[in-house]
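This report concerns only the one structure given below.
What follows draws every value from the coordinates through simple rules; no lab data is involved. Please read these numbers as outputs of a predicted model, since none were measured by experiment. Here Cβ is always computed from backbone atoms with ideal geometry, including for glycine, and neighbour counts include all displayed protein chains.
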């Protein structure tokens with residue numbers, strides 16, 4: 001889409017006579033298409049209104065020339081108009097189907113052009129679709145009822161369905177009730193009355209705004225409607241006669257039990273005059289509830305033909321049921337829990353009120369009442385403390401009614417245990433309970449013997465380390481055995497036990513030994529037999545109660561030396577072997593060469609330099625010194641060159657040659673003389689013998705040359 005921009009440029013023009021005038025630049029018109037929307041679709045033949053906003057800097061909009069064009073159709077024909085800066089073109093001529101690029105081109109009075117374009121789509125027109133819903137093909141209507149006509153119209157490209165024109169034919173042709181257009185939802189409905197008996201055709205044509213049309217048709221019949229002559233119209237023809245072939249069946253007829261809806265109420269055999277009464281049987285015991293009755297031709301579900309149930313919520317309660325002792329009338333005989341109840345019990349008189357009855361005095365009923373019980377085991381109903389619930393005691397009576405007097409169950413009787421080994425302790429597995437001990441064999445009143453075949457084994461015996469439970473306490477060879485050993489903990493595993501941690505046991509406990517000489521059971525480095533060491537820890541490694549210097553066996557001792565002058569260097573002649581210094585022996589070296597002078601402590605090698613010229617003679621010595629040698633000694637051996645240690649100005653021997661002319665060159669071929677000198681060479685002497693003429697100071701070297709007697713070069 002193109003857009004033109006309005007631009008005014010002032011121009012100065014020089015007129016004839018030197019006058020100036022202002023000229024305005026003409027810009028292209030601006031055009032913006034506002035309708036239809038980009039990409040909008042229209043059916044072939046549909047009117048289309050095109051619109052564009054226009055503007056120009058010099059030419060009024062209504063004076064602009066506008067040209068509308070399609071790239072597929074060419075120039076667009078139509079009616080053009082201008083209103084408030086908007087150009088419109090209404091095109092009613094059909095455009096060909098397909099994609100169109102629509103362009104508007106504007107030309108102003110100065111010939112400048114501006115344009116804009118959009119794309120639209122022209123599609124083939126879709127015709128209306130028509131469906132007659134009523135009457136359907138072959139449908140019949142009673143002549144007295146009339147015919148309901150309804151149809152549905154649709155059109156995919158018709159935006160307003162009520163713009164479609166309807167044309168009715170056949171039975172509806174000329175009907176003033178038939179609508180000319182459908183509703184906005186596409187429906188059309190009306191009523192045809194006063195049709196004679198016969199067969200009819202109904203047709204409908206729908207035409208859209210572009211001329212496209214669709215049709216539908218149907219055939220129906222109008223009939224008399226009362227086939228059985230009972231004056232009621234059949235339901236097939238819009239009436240209410242549910243069986244128009246039987247004059248006895250119609251609304252108002254008498255309903256009977258024949259499995260037919262005689263009165264056309266919509267229900268079969270309802271309120272039939274010959275129906276029976278049925279009673280609800282909700283507990284399904286075949287007996288009905290007299291208070292819940294229903295009249296019907298057939299037995300309704302869960303109903304029976306009698307009303308004899310006195311409780312229709314309980315299937316176990318009905319005239320056929322057995323009476324039970326449960327507080328209800330099980331057999332519906334107006335009585336509750338009679339003596340004839342199948343579960344009535346035999347009750348026994350309880351004269352002594354101990355809840356146990358006399359077996360010789362009985363009564364059968366659901367409930368015994370006061371003075372009656374269900375238990376018949378009382379052996380003496382005159383004494384309340386004699387019955388099966390009592391505890392037998394040693395009193396020469398059968399207290400618990402078990403048929404025995406002072407029997408084995410007597411609560412105050414004694415458990416008598418057989419004592420086979422005669423140690424007054426009985427075996428627990430052989431016991432007789434009674435008020436008196438058995439007369440055969442030896443019995444005692446305890447069963448504490450754990451071995452009744454050994455006189456020496458019983459709870460009163462001492463425990464020994466012999467593999468037996470001597471004292472019958474359930475354990476063998478316990479720590480309290482008379483011959484048990486005392487064991488000592490050996491936590492560090494050094495085979496020396498801790499005397500402070502011990503236990504008594506027949507067997508050696510894990511981590512324990514018989515030795516108790518360890519003085520520190522947390523480390524194996526301390527035990528008897530270890531070597532005492534000087535280690536600055538002051539530990540007693542050999543557990544002899546002595547450590548370090550207190551223990552004569554200590555090893556790794558250090559030689560300590562006396563230091564009288566306190567200079568940190570000891571006297572080699574005064575020393576002591578100890579773990580730690582002290583008691584006058586404070587340093588661990590014996591290197592002091594003078595232990596009375598704290599400024600002298602070491603012997604240093606030195607070279608004598610008597611004249612102080614820093615050059616030493618060949619003489620050297622070991623000197624007792626402090627941090628450095630005395631002033632008349634030189635430490636550096638590289639300066640042993642002093643040829644005269646009494647004169648600080650001379651110190652080196654040099655081979656010199658005579659230099660008679662003092663030109664710095666010695667006489668060639670002369671002998672050298674070794675001389676002790678200082679830093680400079682004495683006069684008339686030289687370190688070389690290169691002078692070829694030692695008389696003339698200006699001649700001293702031999703050079704190559706040729707004779708030139710006449711000096712002509």
Stretch gain in nm, segment residue 517-residue 473, where the contour uses 0.36 nm per residue and the Cα spacing is subtracted: 12.4 nm
Approximate spin-label separation residue 433-residue 93, in nm, with each point projected 7 Å along Cα-to-Cβ: 13.2 nm
Principal axis dimensions, the stretch 395-525 - Cα atoms, whole angstrom, descending: 82, 27, 16
Rg/Rh ratio calculated on Cα atoms of the stretch 275-338 (Kirkwood radius): 1.04
Cβ-Cβ FRET estimate between residue 610 and residue 538, R0 fixed at 51 Å, reported to 0.05: 0.35
Kirkwood Rh, Cα atoms: Rg over Rh of the chain: 1.48
FRET efficiency estimate (nearest 0.05) - Cβ-Cβ, residue 500 to residue 382, R0 60 angstrom: 0.20
Bridge type composition, the chain - antiparallel percent by DSSP, nearest 5: 90 percent
Separation of alpha-carbon centers, the stretch 279-304 and the stretch 68-125, rounded to whole Å: 88 Å
Convex hull per residue volume in Å³, alpha carbons only, for the stretch 80-214: 149 Å³
Theoretical gain in end-to-end length, residue 692 to residue 510 [0.36 nm per residue, Cα-Cα removed]: 54.4 nm
Cα convex hull of the stretch 184-239, projected area averaged across orientations, nm²: 5.7 nm²
Label-to-label distance, nm, for residues given as residue 231 and residue 201 (7 Å Cα→Cβ offset): 4.1 nm
Two-site FRET efficiency, residue 257 against residue 316, from Cβ-Cβ distance with R₀ of 51 Å, rounded to 0.05: 0.90
Translational diffusion of the stretch 30-123, µm² s⁻¹ [Kirkwood Rh, Cα pairs; Stokes-Einstein; 4 °C; 1.567 mPa s]: 97 µm²/s
Model label zone, residue 121; criterion: amide N under 18 Å from point 7 Å along Cα-to-beta-carbon; scope the stretch 71-98: 71-73, 95-98
Pair residue 137, residue 424: separation of 7 Å Cα→Cβ label points (nm): 12.7 nm
Relative contact order (%) - the chain, alpha-carbon pairs under 8 angstrom, separation at least six: 4 percent
Length added when fully stretched, residue 362-residue 298, from 0.36 nm per residue minus Cα-Cα: 17.6 nm
Over the stretch 129-223, relative contact order from alpha-carbon pairs under 8 Å, at least 6 apart, %: 39 percent
